[in-house]
Amino acid sequence: MIRRLRRASTFAAVAALAALAPTLGDAAVVPFLAVAGLAFFGIRDGEWFETLALPGDREEERLYGLVAFSVAAAGLALFASLPRAPLPYEAFAAAALAVGGGRLGRELVGRSTSDEFPLVAGYVGVGALAALAGQVAVRLQTELLGVAGGLSLGGPAPAPSLDPAGATSALATALPDLVFLASVAALTAALVRSLVFARDAHITVILVAFAVWGFVALDPAVTVPLVAFGLGVTAALGYVSFALGTASVPGMLTGVLSALLAVVLGGVGWFLTLMAFYAVGGLASKYRFDEKAARGVAQENEGARGTGNVLANSAVALAALLGYAATPHLGVPAAPFAFAFAGATATAMADTLSSEIGGLFDGPRLVTTLRRVEPGTDGAITWQGELAGLAGALLVGGLAAVGMPVGDPVVGGGLVVLAGVAGMTVDSVLGAVVEGERVGNQAVNFLATLSGAAVAVAAALGVAGF
């Protein structure tokens, strides 16, 4: 345990070098290459080797884990100093310290518990604080030294400001943005780690850096109340979803990150619309679960939705959300993205309730032929499930009508309900026609939400002509 903590502390210390990038400028790559060289050539055995070695390093007798992380950070440092469209220093520092600090936070929590949720919470919490500290250090340097690479991607480099009071004031103004970026970095790092790259910190830090860069480019209007609300509510709902067993750890992280993006990039109305699906859909999966399991129609993994399931139902909505956030930069109308988001979410809600509630009733019929089939057959529907799906679409339509830019509440909400029912029907048809060994349920869910988004946008174009 002590060795693991020392190893995590070393990774965090190497990551902290990213906070010096504005001062080092083109030389920011040097310390990372120095660490990589020392780890590769200088530490081949002994106590330090045993402390820093990751699984697999001992067989190779090389500290490939630390070397790879340092080289990845060196590459990002080099990219941050390129003269054209540089990687923002904030993104570099946030990514490096979210990964390095997150590893340290997980190990600190691991000294007292082996439960997965506290370990993930430690990773995200310490990673976010470290990422925030790194960004603050970077921001102060860019303000005081007039170094390019700050949050503003366009225009000339800021003029040097030797006034600490002015730099502090500028930092206070940027703080909500930095908190948001730090949270995104830590959640993304934890999610990537939980999926495939638990020991590949070098891959994680690169993916996180480019994800944060994307949000820097979007330049969302982040306020203190908005980011405080987003962080507080999404963290609480994430814990509840995990505690109730409606989501696995990766699924919980995906949902929390998605909800945070919804409230910051869209607004409270977008957040409530998406959270209605997560909450109601998750509870519907657990509703009378034993009975559904006995009938062979229960959600896998004991009803806990994983990342694949969450993204299959939310990817289209999240893409629409990002498109909406980018409309000020692209000069295109925002309404189509709002309808796409609401239509995809209404489809996901309607399909989930139709499956979870309808699966409890006998006499299902295949949607394409209306002949009776066994419960659990792909493409089977019941009238009870269809009514439950309609109720779900009505709920999302009502929330979208009140809290999202869909024009007239009655017309806009009605179009969202129409899209949800249409998408639910497409899901059933695809289940009956193509779902099987080659096309899985998650692919069908994605195509259904895509169709729901398309129906919503097409219907809105026909009615409103935006």
(message) Between helix 64-80 and the chain, what is the angle of the helix's C-alpha long axis to the longest principal axis, kept within 0 to 90° and rounded to the nearest 10?
(response) 90
(message) Give me the three principal axis extents of region 304-374 from the C-alpha atoms, as integers in angstrom, largest value leading.
(response) 52, 28, 15
(request) For helix 307-330, report the angle its Cα long axis makes with the longest principal axis of the Cα atoms of the chain; keep it between 0 and 90° and round to the nearest 10°. (result) 70
(message) Rounded to the nearest percent, how much of the accessible area of the chain (1.4 Å probe, protein heavy atoms only) is carbon and sulfur?
(response) 66
(request) Provide the descending list of Cα extents for region 233-328 along its principal axes, expressed in whole angstroms. (result) 51, 24, 20
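Please sort by residue number the GluC sites (Glu not before Pro) in region 1-80 whose DSSP state is loop and whose Cβ has at most 13 other Cβ atoms within 10 Å.
Working: sites: E47, E50, E59, E60, E61; in loops: E61.
Within region 1-80, the qualifying GluC sites (Glu not before Pro) (loop, at most 13 other Cβ atoms within 10 Å) are E61.
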(message) Between 0 and 90 degrees, rounded to the nearest ten: what's the tilt of helix 441-464 against the longest Cα principal axis of the chain?
(response) 80
(request) Please name whichever of L87, G266, L321 sits farthest to the positive end of the charge dipole of the chain, dipole taken about the Cα centre and charges placed at Cβ: Lys and Arg +1, Asp and Glu -1. (result) L87
(request) Kindly rank 88-95, 51-58 from highest to lowest mean number of other beta carbons found within 10 Å of each residue. (result) 88-95, 51-58
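Per the Kirkwood definition applied to all pairs of different Cα atoms, how many angstroms is the hydrodynamic radius of the chain?
Computed over Cα pairs of the chain, the Kirkwood hydrodynamic radius comes out at 23.6 Å.
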(message) If packing is taken as the average count of other Cβ atoms within 10 Å, what order do 382-392, 111-121 fall into, highest mean first?
(response) 382-392, 111-121
(message) From the P(r) of region 175-313, could you give the percentage of C-alpha pairs in the tail past 20 Å?
(response) 49
(message) I'd like the distance separating the alpha-carbon centroids of region 81-117 and region 412-428, in whole Å.
(response) 41
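Could you give the dipole magnitude of the chain about its Cα centre, charging the beta-carbon of Lys and Arg +1 and that of Asp and Glu -1, in debye to the nearest 20? Before the final figure, lay out the partial values.
Working: 23 positive and 31 negative charges, 48 e Å.
Here the chain has a charge dipole of around 220 debye.
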(message) Quick one: 3J(HN,Hα) in Hz for region 227-238, Karplus 6.51/-1.76/1.60 with θ = phi - 60°, rounded, Gly and Pro as x.
(response) 6, 5, 4, x, 5, x, 6, 5, 5, 5, 5, x
(message) Per residue, how much accessible surface does the chain expose to a 1.4 Å probe? Answer in Å², no decimals.
(response) 42
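Need one number: convex hull volume per residue for region 382-466, Cα atoms only, in Å³.
Working: hull volume 8.0 nm³, N = 85.
About 94 Å³ per residue, rounded to a whole number.
The values are calculated or read from the model by the stated rules, or taken from the named source; none is laboratory data. Owing to the predicted nature of the structure, the values given are computational and were not obtained by experimental measurement. We place every Cβ from the backbone using ideal geometry, glycine too, and count neighbours over all the protein chains shown. Note: areas computed on protein heavy atoms with side chains; ligands, DNA, RNA excluded. Shrake-Rupley method; radii C 1.70, N 1.55, O 1.52, S 1.80 Å.
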